[in-house]
Structures are given as structure tokens and as C-alpha cells.
Amino acid sequence: LRAEIDRDANPRDNASWAVLDVRDKLRVAIVGTRRFGARPRLAEFGPTDWLRLALEPTDEQSREQQIEIEVIDAARTEAGALAGFDAVIVAEPGRVRPDGWSAIGELRRRGGAVLIAASPRAGAQLWTEQAMSSLGLEWSFERDPVEVAAGTGTLGAPVLDGDDLLWFVRGELAELVETVSVDRLLTLQPGSDATVLLTCADDQPVLLASAPNPASPRAGQVIVLSVAVDLGWTDLPARPLMVPLVQELVRSSVGAGASHT
């Protein structure tokens, strides 16, 4: 990109150049459960299925290949598995091994975006410390999810100053979030380097994103969803918010990471 101003006595500052990174498509890895054959019935959907459907809601979009998706088995994610991807969505963090988190951390360090949802598996969430260490974040999590009291689980969207990852859908966000309810969530305490995008239950964070770190300007953004993409936790996967939410999180976070490199 070349920009020019009117000619003046000093020709050295009359023009400026910038290199723009243009992508024909985004390569996104979903770390979860691989399936073979036809797509399962909705009653059999797991987190990976819901997230893939949100990124490929129609066959037409799949043909256009605006977002190229590959599902990687969570237990088999290892060094080199995420090479060439622009973003990774961790649908089942409870099944990721330490070498898998190292690979996810490496993707972030080279500018890739990372989106993690809570684990749908029953019991304590033992993945959190390893994940935050590999990603270089000091966010703290309670290991056991909590049940949300009746009447307090409706999503809310805090008013934010300036642009954020959901700016493209911000005009419709208030209407979309009020149809979503949360029954269970993972309590967390974000650091000062986080922006809370969605809340519920006494302003508990449901969706938050890392802020740019001047010490690591090339690092991509990390986004954490404190609920599992599972109907036992929230009805989000079946609500109209799901598709625009996941699509914009992926597109905007990849774009934000590129702008910082």
C-alpha cells in the first residue's frame, strides 16, 4: 500500500509504504474428537461437531473455502501438528497432553490465535495450569465448575470502549445474548491483560480475550470460553449467537494477531 501527500520542499516525507497481509482463506485446527463418515445427528453432537458446524454452517461456504478446517485428535496433538494453521480451537482441553499444549503455545508465539473452551468431561478441570503456562498467561481457574443459580445464567455483553473482537456483531449482540442461558461454568480470575467480552451470574466472565503484550508483540491472541460447548453446560450451541460468535472470534483474532507482527 502506498500513500502520498502533496509535493512540498522535502520530498522524503511525501510518500509512505506499508505491506498488507491478505489471506484468501483461514486455516483453522479444531483440537477435539475426529469423526469419520457422515455428520452425526444433532442429538449426538459433541463440542467438536458444534464448533465445526459454526465455522461451516452451509455447504456453499464449504465450497468457497473461506475457512479451511482440520480436526486434530486432542490426545494426539504434538509438536509440528499445528504448523501452517492461522488459529486453533481447543474443544476438549481435558484430553490435551503436555506436548500438545507446548504445540499450542508455539502456535501462539508465532502469531496464531488460540480459542479454548472449558472441558465437557465430568470432574476437575486439570488442564488449566498447563495451558496457561504454555500460553504465557497468569489467569487462574477454579478446577471444579460451578452450577449457575436459576435466573442468573443469562448472558450479558459489557459495554466496551473502542473496537474489540466482537465489534462486527456489536450492533446485534444485545439481542443475541439475551436468548442464551448458562447452567454451569468454570470460575476464573483473569489478569490485567484480559478483556471480558461476555458475562453472566454476577458478572462472572464467560468469554474473555488477552490484550496485546508489548513484551511479546508477535504473540497471537488467546480467547477463553468458560463454558463447554455442550448442551449440558449452556444452550449457546443451539442459539443464533453461535455462528456469528465463533466466526467473528476466529476472523478478528487472526486479524488482530497479524496487525501486531
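The values are calculated or read from the model by the stated rules, or taken from the named source; none is laboratory data. Computed from a predicted structure; not experimentally measured. Glycine also receives a Cβ, built like all others from the backbone with ideal geometry; neighbour counts cover every protein chain displayed. Protein only, heavy atoms only, side chains kept; ligands, DNA and RNA dropped before computing areas. Shrake-Rupley method; radii C 1.70, N 1.55, O 1.52, S 1.80 Å.
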**OP:** Return the residue satisfying two criteria in turn: it lies in the range 101-117 and is aliphatic (A, V, I, L, M) and in a helix (DSSP H, G or I), and of such residues it is surrounded by the most Cβ atoms within 10 Å (Cβ to Cβ).
**Re:** ILE104
Original post:
If you take the residues of the range 69-100 that are of a type outside the set (A, V, I, L, M) and in a strand (DSSP E or B), which of them is least open to solvent (accessible area, probe 1.4 Å)?
Top reply: ASP73
Original post:
How many of the residues making up the range 220-231 are crowded, with 24+ Cβ neighbours inside 10 Å and either modelled with pLDDT under 95 or assigned to a loop (DSSP other than H, G, I, E, B) (or both)?
Top reply: 6
**OP:** Any residue in the range 149-170 that's over 24 Å from VAL254 (Cβ atoms) and open to solvent by 60 Å² or more (accessible area, probe 1.4 Å): show its pairings with residues that are among the polar types (S, T, N, Q) and not in a loop (DSSP other than H, G, I, E, B) at Cβ separation under 8 Å, as long as the two are six or more apart or on different chains.
**Re:** THR154/SER181
Subject >> Every residue from the range 167-208 that is assigned to a loop (DSSP other than H, G, I, E, B), under 20 Å from GLU147 (Cβ atoms) and of a type outside the set (A, V, I, L, M, F, W, C) >> reply: ASP183, THR187, ASP202, ASP203
Original post:
Out of curiosity, is ASP164 closer than 27 Å to PRO57 by Cα, in a loop (DSSP other than H, G, I, E, B) and of a type in the set (Asp, Glu)?
Top reply: yes
**OP:** Quick one: ALA43 ticks every box in (1) in a loop (DSSP other than H, G, I, E, B); (2) closer than 26 Å to ASP230 by Cα; (3) open to solvent by 90 Å² or more (accessible area, probe 1.4 Å); (4) aliphatic (A, V, I, L, M) except a single one, so which number is it?
**Re:** (1)
Subject >> Of residues in the range 118-137 being touching a helix residue (DSSP H, G or I) at 6+ places or on another chain (Cβ under 6 Å) and assigned to a helix (DSSP H, G or I), the one surrounded by the fewest Cβ atoms within 10 Å (Cβ to Cβ) >> reply: GLN130
Subject >> Scope the range 5-41; condition over 30 Å from ALA83 (Cα atoms) and without any contact (Cβ under 8 Å) to a residue 12 or more places away in the chain; matching residues >> reply: ILE5, ASP6, ARG7, ASP8, ALA9, ASN10, PRO11, ARG12, ASP13, ASN14, ARG41
